[in-house]
């Protein structure tokens, strides 16, 4: 028992000396020691997201669920402005299908202001429905020159097939990423590194999904695009940290506590990771602000979840994937020692 206590004290002292030696005297943040706090934060957010999912439900865009879209252009009249809320209520009263509307502005000035009306459940848009709605809008807003720009229909079976293909793309990308990490980081436990990177990726996807639920945004092709981009972005952060862990393990020796190796590695890459994330977040924020000012719905629907994904990706790489990898390595070492 006495030997165990002495050994523990020696390891703790050695860790302190190594931290000062390999981090230039700068403070080493104990990410591993704070893992419970990080896990509680993530689980709390996921719990809130699940509750919101039960309350609000998940809405699929007509790209996936099937339906129809009518796009109208109109002009803004100073004396007779178009209230977006009133316009939505007026169109909804004309149909028994559930609708959603999105407004945008043509920056080139060709069509002025546009409104897209999505009808969930319609297999196609009948000509009389299109003509009647256009004439009704012209009668209700005679000074705003409502004109039909385009009409599109989405078959439900094709939409569901498209959704399955998108999910398959996400699954395939995730598997390939795990294989890549496993092969590249064999010296630090490739499979454990790959699996924990995958857990971090699932964490990021969950954050993006719950953002869609909380903000009542329909799941559309933007969601798939954001997920695929964040998978690559988050994995890149994780790989940078794993690469530094591999380097530090060589310098610090295999007898050094794996938690200390990770803490030193993460502390060394922290500034780089944060600055990269802040730069990316700022660029996307500017895009979102411009999209908000000019009311470009498609760009807003892409930029907002991207910002959430960037923050989550930075957080999960350091606070989720790393501590989980350390736990795996320690459990593996304990099993080996008990044999």
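Of all the criteria given as (1) under 26 Å from residue 280 (Cα atoms); (2) without any contact (Cβ under 8 Å) to a residue 60 or more places away in the chain, the one not satisfied by residue 234 is (2). Counting only residues that are under 30 Å from residue 224 (Cβ atoms), surrounded by fewer than 19 Cβ atoms within 10 Å (Cβ to Cβ) and either free of Cβ contacts under 8 Å to residues at least 12 places away in the same chain or in contact with a strand residue (DSSP E or B) (Cβ under 9 Å, 6 or more places away or on another chain) (or both), the stretch 244-296 holds 12 of them. What are the residue pairs meeting all of these: first residue in the stretch 93-105, first residue touching a residue at least 60 places away in the same chain (Cβ under 8 Å), second residue surrounded by 15 or more Cβ atoms within 10 Å (Cβ to Cβ) and not in a strand (DSSP E or B), Cβ atoms under 6 Å, and 6 or more apart or on different chains? Close Cβ pairs satisfying both conditions: 102/297; 103/295; 104/295; 104/296; 104/297; 105/295. The single condition from (1) under 25 Å from residue 306 (Cβ atoms); (2) surrounded by 20 or more Cβ atoms within 10 Å (Cβ to Cβ) that residue 146 fails is (1).
The residues listed here are 208, 183; of these, the one that is in the same structural domain as residue 321 (by TED's automatic domain parsing), in a helix (DSSP H, G or I), at pLDDT 85 or above and buried (at least 16 other Cβ atoms within 10 Å of the Cβ) is 208.
No other residue among 196, 158 is in a helix (DSSP H, G or I), crowded, with 16+ Cβ neighbours inside 10 Å and out of contact with any strand residue (DSSP E or B) (no Cβ under 6 Å at 6 or more places or on another chain) apart from 196. Residues that are in a helix (DSSP H, G or I) and surrounded by fewer than 15 Cβ atoms within 10 Å (Cβ to Cβ) within the stretch 47-62 comprise 47, 48, 50, 51, 54, 55, 56, listed in sequence order.
With respect to being more than 25 Å from residue 136 (Cα to Cα) and outside any helix (DSSP H, G or I), residue 33 fits the description. Just wondering, is there one or more residues in the stretch 298-314 that are surrounded by 20 or more Cβ atoms within 10 Å (Cβ to Cβ), assigned by TED's automatic domain parsing to the domain that holds residue 178, farther than 26 Å from residue 61 by Cβ and touching a helix residue (DSSP H, G or I) at 6+ places or on another chain (Cβ under 9 Å)? Yes: the stretch 298-314 contains one or more residues that are surrounded by 20 or more Cβ atoms within 10 Å (Cβ to Cβ), assigned by TED's automatic domain parsing to the domain that holds residue 178, farther than 26 Å from residue 61 by Cβ and touching a helix residue (DSSP H, G or I) at 6+ places or on another chain (Cβ under 9 Å). Counting residues in the stretch 102-124 that are modelled with pLDDT of 80 or more, buried (at least 16 other Cβ atoms within 10 Å of the Cβ), more than 20 Å from residue 63 (Cβ to Cβ) and out of contact with any strand residue (DSSP E or B) (no Cβ under 6 Å at 6 or more places or on another chain) gives zero.
The values are calculated or read from the model by the stated rules, or taken from the named source; none is laboratory data. None of these values were measured; they are calculated from a predicted model. Glycine also receives a Cβ, built like all others from the backbone with ideal geometry; neighbour counts cover every protein chain displayed.
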